[in-house]
1. Of everything in the range 11-24 that's more than 24 Å from the chain's Cα centre (by Cα) and surrounded by 14 or more Cβ atoms within 10 Å (Cβ to Cβ), which residue is nearest to PHE266 (Cα to Cα)?
2. Answer yes or no: is there a residue in the range 267-290 that is without any contact (Cβ under 8 Å) to a residue 40 or more places away in the chain and of a type in the set (Asp, Glu).
3. Consider ALA365 against the criteria (1) touching a Pro at 6+ places or on another chain (Cβ under 7 Å); (2) surrounded by fewer than 19 Cβ atoms within 10 Å (Cβ to Cβ): it satisfies all of them except one. Which criterion is unmet?
4. Can you name the residue in the range 417-443 that is of a type in the set (Ser, Thr, Tyr) and surrounded by fewer than 20 Cβ atoms within 10 Å (Cβ to Cβ) and, of all such residues, is nearest to ASP276 (Cα to Cα)?
5. Being modelled with pLDDT of 95 or more and within 26 Å of HIS206 (Cα to Cα) is the requirement here; does LEU171 meet it?
6. Could you please let me know if SER210 is touching a helix residue (DSSP H, G or I) at 6+ places or on another chain (Cβ under 7 Å), of a type outside the set (Val, Ile, Thr), within 24 Å of ILE467 (Cα to Cα) and touching a residue at least 24 places away in the same chain (Cβ under 8 Å)?
7. For the range 92-116, give me each residue that is in contact with a Leu (Cβ under 8 Å, 6 or more places away or on another chain) and more than 20 Å from GLU148 (Cβ to Cβ).
8. Go through the range 259-282 and give me each residue that's in contact with a Leu (Cβ under 8 Å, 6 or more places away or on another chain) and surrounded by 13 or more Cβ atoms within 10 Å (Cβ to Cβ).
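The values are calculated or read from the model by the stated rules, or taken from the named source; none is laboratory data. Predicted model, so just to flag it, every value in this text is computed and none were measured. Cβ coordinates were reconstructed from backbone atoms using ideal geometry, including for glycine residues, and neighbour counts include every protein chain displayed.
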Amino acid sequence: MSQNDLFQIKTNETVGRYAVASQALKAGDVIFSEIPFAYGPKSDSPCLCLGCHSPVECSYLCSKCSWPVCGPDCESLQVHKDNECQVFSSSGAKFQPVPDPTELCLQYECVTPLRVLLAKERDPKRWDEEVANMEAHNDKRRSKPIWEYNQHNIVEYLRGPCKLSRFPEELVHTVCGILEINAFEARTPSCYMIRCLFPKLAILSHNCVSNIHHAVDCQANGEIGDCRVTVRAAIDIPKDGELFSSYTYSLWPTLIRREFLRESKFFECTCPRCSDKTELGTHMSSLKCQKCDNGVILSVNPLEDVGEWACTHCDYKTHGGAIRRVFAAIQNDLDQLEYVCGAEGIQSRENVYKKYKSVLHPKNAYLTMLRSALSQLYGKAEGYTLEDLPDVVLERKLEMCVQLLEVLDVIEPGLSRIRGITLYELHAPMMVLARHQYQYDAITKEEFREQLKKSLETLGKAVEILIKEPLSQPEGQLGQTAKMSYDHLLENFDVLIETA
């Protein structure tokens with residue numbers, strides 16, 4: 001740990017290593033930054049350029065190793081040239097043509113584990129100090145299908161065609177486990193997801209309500225860079241307060257989060273959010289009772305995934321398996337919409353929202369996800385720009401942002417990306433509605449001034465969060481746009497009132 005790091009590593013028998021603040025931290029304070037031990041394609045990856053990690057059609061192959069890259073510039077990038085390129089070219093392990101480069105390509109499964117193994121040889125000191133003691137859970141993974149999958153697609157390929165018998169089988173499996181359990185996702189300059197192994201960040205214990213925020217910058221001089229992560233305090237943290245990261249998606253309900261953590265990270269989460277049947281009052285897992293008017297269906301014990309669920313007002317009961325099937329059906333509907341944008345994306349999501357509105361609690365996770373998507377689509381899609389939207393739709397966008405923020409205040413408090421984006425989306429309908437109300441003489445000039453001031457304050461809060469994001473990321477670019485808008489509005493505040 002460098003002298004500039006604001007955390008200390010401690011250990012106990014229950015959780016092993018964990019991190020605490022070495023001094024009182026304010027929201028936004030940089031706790032530490034680090035470059036990954038290694039990074040590369042995720043598991044289940046389609047065909048990617050092994051230089052910049054953008055999707056490729058496999059029409060150009062590296063002149064040295066014959067694996068897909070974008071072109072000569074990418075084949076000379078250090079991340080490829082100094083890693084698998086040397087191994088593949090010396091062993092003759094060539095890339096085999098595939099019928100559809102956009103589909104899962106098993107040939108890529110070996111790339112990131114190989115980069116970790118080569119980094120171990122180049123920097124044994126960092127491996128011993130930071131990586132060797134990471135959890136790999138070989139004992140638990142050995143009985144899972146993933147073990148045989150890795151044995152065939154990674155271990156045997158690296159030790160066979162790649163001629164890397166110097167790496168023992170158990171070591172390769174350990175590296176696979178370390179990546180599966182400890183790696184974090186990051187976006188490349190082309191906005192494609194890769195995985196990075198950050199040893200310091202991996203020390204932080206999991207909690208379904210994180211108190212830190214991390215951002216990865218994978219760009220340098222317009223090209224993929226060193227993928228440095230910066231970790232900040234999301235909220236004020238007292239001296240010796242434990243630092244918590246989240247290993248799962250915060251908008252998922254408890255059943256889904258705990259299932260993901262059990263299957264991929266090999267532990268049962270018992271954090272305060274998972275242990276609370278109302279998810280800290282957010283009701284992100286709750287359903288409406290169909291047997292009575294005001295009942296809410298809650299898990300009797302949220303730490304028992306197949307346990308009983310019961311209505312708060314009548315004698316209706318069901319079980320976790322039935323709830324899980326309901327969630328799976330809704331998630332399937334949402335998955336169909338993942339890449340549907342524009343006006344069609346808005347209408348399709350509104351249809352799904354209406355479909356489940358009578359089934360789910362108003363703040364249920366899936367309605368929250370839909371609000372998040374819709375709040376960002378309204379105002380941007382063709383035919384749905386802010387100038388096009390009638391007041392009733394502007395009010396819906398505003399209401400969705402407010403409801404979303406009520407949930408985020410609990411599950412992603414402080415300086416989180418989604419909070420910054422939602423605040424940005426909120427300020428515009430606040431401003432436009434206030435102007436319309438003033439023009440219709442529904443509010444006085446002084447009331448208009450106050451509402452405009454609130455809109456400006458909301459935008460300022462968005463800037464405070466998003467301006468800290470890397471410029472290589474969409475949120476960082478939005479932060480710059482928000483900052484320019486804020487400065488312009490602040491400078492012309494009085495003029496806006498007089499000319500409304």
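1. This residue is SER22.
2. yes
3. Result: ALA365 passes all but (2).
4. Filtering the range 417-443 for residues of a type in the set (Ser, Thr, Tyr) gives 422, 424, 438, 440.
Adding the requirement that they be surrounded by fewer than 20 Cβ atoms within 10 Å (Cβ to Cβ) leaves 438, 440.
Details: TYR438: 45, TYR440: 47 Å.
Across the range 417-443, the extreme among qualifying residues is TYR438.
5. Details: modelled with pLDDT of 95 or more: yes; within 26 Å of HIS206 (Cα to Cα): yes.
For LEU171, the condition - modelled with pLDDT of 95 or more and within 26 Å of HIS206 (Cα to Cα) - is met.
6. Working: touching a helix residue (DSSP H, G or I) at 6+ places or on another chain (Cβ under 7 Å): no; of a type outside the set (Val, Ile, Thr): yes; within 24 Å of ILE467 (Cα to Cα): yes; touching a residue at least 24 places away in the same chain (Cβ under 8 Å): yes.
Considered against the rule, which asks whether it is touching a helix residue (DSSP H, G or I) at 6+ places or on another chain (Cβ under 7 Å), of a type outside the set (Val, Ile, Thr), within 24 Å of ILE467 (Cα to Cα) and touching a residue at least 24 places away in the same chain (Cβ under 8 Å), SER210 comes out as no.
7. Within the range 92-116, the first condition is being in contact with a Leu (Cβ under 8 Å, 6 or more places away or on another chain), and the residues that meet it are 95, 108, 110-114, 116.
Matches in the range 92-116: PHE95, VAL116.
8. Within the range 259-282, the subset in contact with a Leu (Cβ under 8 Å, 6 or more places away or on another chain) is 267-270, 272-275, 277-278.
If the condition is that a residue be in contact with a Leu (Cβ under 8 Å, 6 or more places away or on another chain) and surrounded by 13 or more Cβ atoms within 10 Å (Cβ to Cβ), then PHE267, CYS269, ARG273, CYS274, SER275, LYS277, THR278 are the ones that fit.
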